[in-house]
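Have a look at the structure below before the remarks.
The values are calculated or read from the model by the stated rules, or taken from the named source; none is laboratory data. Note that this is a predicted model, so its numbers are computed, not measured. Cβ coordinates were reconstructed from backbone atoms using ideal geometry, including for glycine residues, and neighbour counts include every protein chain displayed. Protein only, heavy atoms only, side chains kept; ligands, DNA and RNA dropped before computing areas. Shrake-Rupley method; radii C 1.70, N 1.55, O 1.52, S 1.80 Å.
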Amino acid sequence: MTINEYLNNLGFKINPFQFSNADKETEFLSDYFIKPDYFEDIWGNPYEPVSSIIYAPRGAGKTAQRVMIEKRTKDHDDILAISYTNHDLTQFKSINEISLSYHLTFLNRLLLVSLFKRVEDDSFNFDEVYSFIERQYIYKITRIYLYNTPASFPNQAISSLKTLTDRAVDLWNGFKEPITNVIKQITKSKGLEIDLSKIEIDKKLEISHKDNFFNIIELLVKANYNSIFILIDKVDEQSLTGNNPEASYKLIEDLIKDLELLETPKVSFKFFLWDALKPYTAISARPDRVFSYDLNWDWGQISNMLDKRVESYSDGKIKNFIAMFATKKLFGRIILFSDLSPRDCIRICYRIISEQFKKDENSRVFDEDIVHSSIEHFCMDKAKELITNENNFRYLIKTEQVSFTIEELVTNKVASDVAAVRNIINPWQTAEYLKKIGIVPRKTGKAVNEYAFHDIRIAFTACPKLGLLEFINQKIRRCKTDTCKNIYYRDFNRKQYLCPKCNTMN
């Protein structure tokens, strides 16, 4: 039996957990998308657009929101969406070299492509809509922005202007030929063939990127675009930003703090940002003028998302994902160890399907040992992703505790002295994987700080001698208060701990 035959026997058309990135699931996303409480605020009134920032952890659904806004704009012929996600940074040696001019140059290129796509329509009367001066201006800025474009630009344009054509496959008659030839064809169809190579470069216009941005927006409005969404995403996935929040922020710093630009009439900038950027953007972004929202998932939303996902990928045959598990608790453990991350839920489920197929291709349910081993492997992988320094990771495994004082780690020989342990845990604190939870008094000497892991995957990896069930029984509690139900991680096998949310002893 092949894996596809196994999936079909389970009821799926294809693997519902094959992809964890919304960009690759646009066909199904509408079926299982869970709207955050503020999603309609982000969309707002598109004809009175307001810029905003959405913060979320990696894998929490930022891109899914961006894609859903793209999809919604397709229903409006007078709304243009530009997804600003693909950056060619090869010309820069350092992230510090990137300025507002870089962003405006690229955005002006995309806006001009959008304008020519509009102009290309047979029903568009170019001479009637634009005055002679405006037409001359269009040719001049086209010479500036579209004559000598980087080799990467056509692909960047196709990925950025998804709302102009379905999946942008046929965008602007193909991009199979040089842009200058396409301009010739479009202008010729409007009665005047323009050869960009023969247009003189206007030095003043060449450096006036912001003024050109404002002017191109006005030209688009004349072409019956009454609202322009600029959707900024994947800031932390570029060649010079990677896993560095500060570098990711520097990429967009000049863009996010320019209020004049962010409040351009008819335009709204939507920033979909990794929440690790928040300490940096909070310094320069104006919360009273550019609203921000935090994306957080609760248990019920994750469960609902998984149900809707399997229903979509099975053509409605499977409506209740929990029924596919040997026991209901197994389904809950996936959500628990995903740390309420949709992407991490998907990653765990992908492994479960793969491992269950290897164990028993005829099984129609997911066994306990398969679910547990899949979660255990995922936790190890995730911990290594979060703690990339090999030495620091080795210290994590030596910890063998979820909650501790520095002095306890010295006693347990994790490191030789207090200073050494402090150096080990500092990166964990900075990344907020470990947090201070209180003070422990001592009979001799002053009281000391107590810490606990805040990420369940790191907490589990820090206890390598425990199996999954032992870890759950010894290290996890759900607050017993009905109005709280907060889940937190401590060494409950050693002593009781207050709930960090409501201070109830559990």
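So, ASP41, is that one of a type in the set (Asp, Glu), exposed (fewer than 15 other Cβ atoms within 10 Å of the Cβ), touching a strand residue (DSSP E or B) at 6+ places or on another chain (Cβ under 9 Å) and within 30 Å of LEU386 (Cβ to Cβ) or not?
no
Restricting attention to the range 66-93, report how many residues are surrounded by fewer than 16 Cβ atoms within 10 Å (Cβ to Cβ) and closer than 20 Å to VAL221 by Cβ.
Total meeting the criteria: 5.
What pairs can you find where one residue is in the range 97-109 and within 19 Å of THR241 (Cβ to Cβ), the other is at pLDDT 90 or above and among the β-branched types (Val, Ile, Thr), and their Cβ atoms are less than 7 Å apart, with a gap of 6+ or different chains?
Once the first residue is within 19 Å of THR241 (Cβ to Cβ) and sits in the range 97-109, its partners that are at pLDDT 90 or above and among the β-branched types (Val, Ile, Thr) give LEU107/ILE230.
What's the number of the condition ILE425 fails, among (1) within 22 Å of PHE453 (Cα to Cα); (2) open to solvent by 10 Å² or more (accessible area, probe 1.4 Å); (3) under 29 Å from the mean Cα position of the chain (by Cα)?
Failing condition for ILE425: (2).
When LEU340 is evaluated against the numbered criteria (1) within 24 Å of TYR488 (Cβ to Cβ); (2) of a type in the set (A, V, I, L, M); (3) in contact (Cβ under 8 Å) with a residue 60 or more places away in the chain, which criterion, by number, is the only one it fails?
(3)
Considering only the range 4-36, how many residues are open to solvent by less than 40 Å² (accessible area, probe 1.4 Å) and hydroxyl-bearing (Ser, Thr, Tyr)?
Summing the residues that are open to solvent by less than 40 Å² (accessible area, probe 1.4 Å) and hydroxyl-bearing (Ser, Thr, Tyr) in the range 4-36 gives 3.
Over 30 Å from PRO279 (Cα atoms), out of contact with any Asp or Glu (no Cβ under 6 Å at 6 or more places or on another chain), at pLDDT 95 or above and in a helix (DSSP H, G or I): does that describe PHE471?
Yes; evaluated as a whole, the condition is true for this residue.
Please work out if ARG347 is basic (Lys, Arg), outside any loop (DSSP other than H, G, I, E, B) and within 23 Å of ASN486 (Cβ to Cβ).
Judged against the criteria, ARG347 is not a match.
What's the total number of residues in the range 394-433 that are under 28 Å from PRO245 (Cβ atoms), free of Cβ contacts under 8 Å to residues at least 24 places away in the same chain and outside any helix (DSSP H, G or I)?
Of the residues in the range 394-433, 3 are under 28 Å from PRO245 (Cβ atoms), free of Cβ contacts under 8 Å to residues at least 24 places away in the same chain and outside any helix (DSSP H, G or I).
Can you pull out the residues in the range 124-169 that are among the aliphatic types (A, V, I, L, M), open to solvent by 20 Å² or more (accessible area, probe 1.4 Å) and modelled with pLDDT under 80?
ALA151, ILE158, LEU164, VAL169
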